[in-house]
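K.L.:
I have a structure I would like to understand better, so I am pasting it below and will then ask my questions one at a time.
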Amino acid sequence: MVEIVSALSRKEMRDIQKWLQSPAHNQRQDVIRLFDYLVKNTGREEGLDNAEKEEAWSAVFPDQPYDDAYMRQVMYFLLKSIEEYLAFTEFTGDKVQYQLGLIRIYRKRKLEKAYKQAHRLGSDSLEKQPLRNGYYLLNKFFLEQEEHEHRMAITQNAPANLQEAADAFEKWFLEERLRISKDMLAHHRIYQKISYNHGLLEEALLYANRNKMLEEPAIAVYYYTYMALINPSEEEYFEKLEHYIHNHMECFDPSEVRTLYLAALNYCAAKVNQGHLDYCRKALKFYRQGLDTAILIENNQITRYLFSNAVAFAMKIGEFDWAESFIESYQQYLEEKHRNGTVNFSLSRLYFEKGDYDKAQRYLVEFEYDDMLQNIVAKTMLLKIYYEQDELDAFESLLESLRIYLRRKEALDPARKAAYKNLISLMKKLLHLNPYSKAQTERLRQLVETTNPLMERDWLLRQLEGRR
C-alpha cells in the first residue's frame, strides 16, 4: 500500500482524498486519517514495518493503545478504496471501454433506447480516436459481438451480423498472432536457448497475404516486420516496414511504435554488419525521427545500447558532427550508473574515426566497460590503433587476450562471436604476412573478401591495400 501511495501524483492524491470523503466509497474516518498520514509521509518504497505502523497508529488513533489486528483492518479498507479509485479512473478514462460497459448493462437490462445510443456513441468514439492497432481491432469485435447478442435477445429471426463479428475477430487475431511472433523471434535471437511454438503462424502469414488483410495497418506493419526479420535478404519487406514507420505511426500507441523502431534499427545493424553501409543512413533517419518525437526516450531515459549504436551508425558514414552533437545533447538521458562509461566509449569511437588516436586510446585504456559487447568493440578499436601505430607487441598480446575473452563469453550471440573469431584469425594472418610477397597479400585479400561472418572487413582490406 505504501508503494502504491508513493507512486501517486499530487492530483491523484487530492482526488483520492475527495473519493474517500464520499459515503458511496468510504464510510470510515480512520481510513481517511490513515491516508492523510501516508500522503504526508510519502517516499517509502518498502511496506510499513511494526515500528512504522505504530507511528501511523499514533497519528490515526492518538489516544488508543496500538492494536495490530485493527491496524491491518484499516490498512485493508484503505487499500481496497485506493484500488477502486484506480480501477474507476482507468475504466472511465477510456471512452470506448466506458461505452462498452454501458452497452453491456443496457443490453442485459433490455433498455432498447439506451442501448442504441450507447452503441452509437461507442462506435463513434472508436472511429474518432486515432489508433488502428490491436486495441482498435479488438474493440471493433466487442462492439459487433454486443450487437449480435442484442439482436439474438430480441428475436431469433433478427438479421445476424455474424459475418461482421467474425471478420473483426479474425483481424484482431491476425494482428496479435503476428505481433507476438515478431516479439518471439526477437527474443529468441537474444536468448537462443529459449524456443517458442509459433502455433498457427505459418497459416496466419499465408492468410494475411492472400485475403487483403494487409490493407489493415496493424496487420501489415507486423507482417512486414516479421517477414523482414526472418528474410533479411528480401529487402522489399523492410522497405514496406520503413514506409509504415515513417508514415503511419499515428495508428499505434507509443510503446508499439518504440518496438517497431527497435526492430527496424536491429535490421539496419545486421545489414551494416554485412557491409551494406547505406543502411547507416536509414538507421540515422530512424534515430532523428525517433529522437525528435521522443519515441526512443522511455521514462526520460535512453538505453546505453541505443546511444552507442547511434554513434556507431554515424561513425561508419562519417557523420562526425551529428555524432558529436548527439553525444552532447542526449547523454543526460543515460542512466546515471552507465553514463560515464557509455559517453567515454562513444567519444573513443568518435576520436578514433577522426584519426585522433591519442585521445581515443586514452578513453579506451582508462575505463573498464561493464558491458560485454562494448568491451569487445573497445578491444577491437585498440587492436586497430596498435596495428596502425606499429605497436605490434601490444597488438599481438591484445589479440590473444581478446581470443580468450571470446572463448569464455558463452552468452555472446553465436553469429557475432563467429564474426569476431574470424576477425582475430585474419588479424593474425595480417600480422605475420610477408610484406614483400604480393602473392600472399592477394591470397589474404581474397580470404578477407570471402570470409563470412566477419567484423571489420573494410579495415582489413584497407590495411592490405596499403601493402600493394
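K.L.:
Once the Cα atoms of helix 372-388 and of the chain are each reduced to a long axis, what angle between those two axes, in degrees from 0 to 90 to the nearest 10, is obtained?
P.N.:
In the chain, helix 372-388 runs at an angle near 20 degrees to the longest axis.
K.L.:
Filter Lys354/Lys428; Lys95/Lys116; Lys116/Lys182; Lys182/Lys282; Lys379/Lys429 down to the pairs with a C-alpha to C-alpha distance above 28 Å, please.
P.N.:
Lys116/Lys182
K.L.:
Do you know the relative contact order of the range 130-252, to the nearest whole percent, from alpha carbon pairs under 8 angstrom that are 6+ apart?
P.N.:
On the way: 106 pairs, mean separation 35.2, N = 123.
After rounding, I find 29 percent.
K.L.:
What is the spin-label model distance, in nm, from Glu164 to Leu121 if the labels are put 7 Å beyond Cα along the C-beta direction?
P.N.:
Calculated label separation equals 2.0 nm.
K.L.:
Given the options Leu399, Gln446, Ala323, identify the residue whose Cα lies farthest towards the positive end of the charge dipole of the chain (+1 on Cβ of Lys, Arg; -1 on Cβ of Asp, Glu).
P.N.:
Gln446
K.L.:
Hey, another quick one. Over the range 48-150, what is the mean sequence separation of C-alpha contacts under 8 Å (at least six apart), divided by residue count, expressed as relative contact order in percent? Before the final figure, lay out the partial values.
P.N.:
On the way: 45 pairs, mean separation 20.3, N = 103.
Normalised by residue count, the contact order of the range 48-150 is 20 percent.
K.L.:
Give the residue from Leu426, Leu143, Tyr386 lying farthest towards the positive end of the charge dipole for the chain; charges sit on Cβ (+1 for Lys and Arg, -1 for Asp and Glu) and the dipole is referred to the Cα centre.
P.N.:
The residue sitting most towards the positive pole is Leu426.
K.L.:
Now a separate question. Whole angstrom only: what separates the Cα centroid of the range 319-390 from the Cα centroid of the range 259-302?
P.N.:
Computed from Cα coordinates, the inter-centre distance equals 19 Å.
K.L.:
How many angstrom lie between the Cα centre of the range 54-86 and the Cα centre of the range 1-15?
P.N.:
16 Å
K.L.:
Where does each of Ser9, Ser125, Ser348 land when they are ranked from fewest to most other beta-carbon atoms within 10 angstrom?
P.N.:
The most exposed by this proxy come first: Ser9, Ser125, Ser348.
K.L.:
Please list, or write none, the lysines whose alpha carbon is within less than 17 Å of the alpha carbon of Lys212, excluding same-chain residues fewer than 8 places away.
P.N.:
Answer for Lys212, where 17 Å is the Cα cut-off: Lys171, Lys240, listed by chain and number.
K.L.:
Write down, largest first, the equivalent ellipsoid semi-axes of the range 371-468 in whole Å, where each equals the square root of 5 times an eigenvalue of the alpha-carbon gyration tensor.
P.N.:
23, 15, 10
K.L.:
Specify whether the C-alpha gyration tensor of the chain places it in the rounded, prolate or oblate class, a ≥ b ≥ c being the square roots of the eigenvalues: rounded for a/c under 1.5, otherwise prolate if a/b is larger than b/c and oblate if not.
P.N.:
Oblate, because a/c is 1.5 or more while a/b does not exceed b/c.
K.L.:
Sticking with this structure for a sec: Would you list Met427, Met184 from fewest to most Cβ contacts within 10 Å?
P.N.:
The fewest-first ordering by Cβ neighbours comes to Met184, Met427.
K.L.:
Checking the a/c ratio against 1.5 first, then a/b against b/c, what shape does the Cα gyration tensor give for the range 313-421?
P.N.:
The shape class here is oblate.
K.L.:
Please report, in debye to the nearest 20, how large the charge dipole of the range 91-250 is about its Cα centre when each Lys and Arg carries +1 at its beta carbon and each Asp and Glu carries -1 there.
P.N.:
Its charge dipole is roughly 900 debye.
K.L.:
What is the helix-to-structure angle for 254-273, meaning the angle in degrees between its Cα long axis and the longest Cα principal axis of the chain, kept from 0 to 90 and rounded to the nearest 10?
P.N.:
Once rounded, one gets 10 degrees.
K.L.:
Next up: Test of understanding: ordering Phe77, Phe252, Phe395 by Cβ neighbours within 10 Å, fewest first, what list do you get?
P.N.:
Fewest-to-most ranking of Phe77, Phe252, Phe395: Phe77, Phe395, Phe252.
K.L.:
For a test of the definition: using alpha carbon positions, the gyration tensor, and the 1.5 limit on a/c, classify the range 130-252 as rounded, prolate or oblate. Kindly include the intermediate steps, with their values, before the conclusion.
P.N.:
Numbers: a/c = 2.57, a/b = 1.95, b/c = 1.32.
Taking the square roots of the gyration eigenvalues as a ≥ b ≥ c, the range 130-252 is prolate.
K.L.:
Another question, if that's okay. For the range 354-458, run through the GluC sites (Glu not before Pro) and keep only the ones in DSSP coil with at most 12 other Cβ atoms within 10 Å of their Cβ.
P.N.:
Here the GluC sites (Glu not before Pro) that fit, given the DSSP loop and packing criteria, are Glu368, Glu410.
K.L.:
Here's another thing I want to ask about it. How far apart, in nanometres, would the label points at Gln21 and Lys428 be if each is projected 7 angstrom from Cα along the Cα-to-Cβ direction?
P.N.:
Each label point lies 7 Å from its Cα, and together they span 7.8 nm.
K.L.:
For helix 357-366, report the angle its Cα long axis makes with the longest principal axis of the Cα atoms of the chain; keep it between 0 and 90° and round to the nearest 10°.
P.N.:
Between the helix axis and the principal axis of the chain, the angle is about 60 degrees.
Every number here is computed from the coordinates shown, using simple stated rules; none is lab data. Every value quoted in this text rests on a predicted model; they were computed, and no experiment measured them. When we count neighbours, we look across all protein chains shown, and the Cβ atoms used for this are built from the backbone with ideal geometry, even at glycine.
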